[in-house]
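Working notes for the structure below.
The values are calculated or read from the model by the stated rules, or taken from the named source; none is laboratory data. What you see is a predicted model; the values in this text were computed from it and never measured. Here the Cβ positions follow ideal geometry from the backbone for every residue, glycine too, while neighbour counts run over all protein chains shown. Ligands, DNA and RNA are stripped out before the accessible areas are found, and what is left, the full protein with its side chains, is counted by its heavy atoms. Shrake-Rupley method; radii C 1.70, N 1.55, O 1.52, S 1.80 Å.
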Amino acid sequence: MNLVEIAKLAAAAAEEKKAQRVNILDIRGLSVFADYFVVCHGNSQTQVQAIVESIKKKLEESGHSPRSVEGLSEARWVLMDLGDVVVHVFHKDERDFYDLERLWGDAAQVEAQ
């Protein structure tokens, strides 16, 4: 499975738990620490946790595991390190505040399907 397929798998798993505004950003050439960001949000801490668990489960089923997951207990901004793919699962309020898509405005959008 290549990197964009991993990003799409994470995006699909997030959508299964009704994640909002799921975006895949191609940050190759803009960053040295990752090639793709998956950005989405949930409307509650419980939903954020469910989204993260869904992504972890789908990745494990495909033979991949996150290197690390940070912020799950607070569920305000969860960062999942998948190597060259980084998944950001926000609570809605934090997503609006940090606005990663604006910060990485030069990144190309990748179609999730």
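The residue pairs whose first member lies in the range 55-68 and is within 18 Å of residue 22 (Cβ to Cβ), whose second member is open to solvent by 50 Å² or more (accessible area, probe 1.4 Å) and small (Gly, Ala, Ser), and whose beta carbons are closer than 8 Å, counting only pairs six or more residues apart or on different chains, are 56/65; 59/65.
Restricting the range 29-56 to residues that are β-branched (Val, Ile, Thr) and part of a strand (DSSP E or B) leaves a set whose member that is surrounded by the fewest Cβ atoms within 10 Å (Cβ to Cβ) is 39.
For the range 3-28, enumerate the residues that are outside any strand (DSSP E or B) and open to solvent by 80 Å² or more (accessible area, probe 1.4 Å). Residues satisfying the conditions are 5, 16, 17, 18. Listed by first and then second residue, the pairs linking a residue in the range 80-95 that is of a type in the set (Lys, Arg) to a residue that is part of a loop (DSSP other than H, G, I, E, B) and at pLDDT 95 or above, with Cβ atoms under 9 Å apart and 6 or more places separating them unless they lie on different chains, are 92/43; 92/44.
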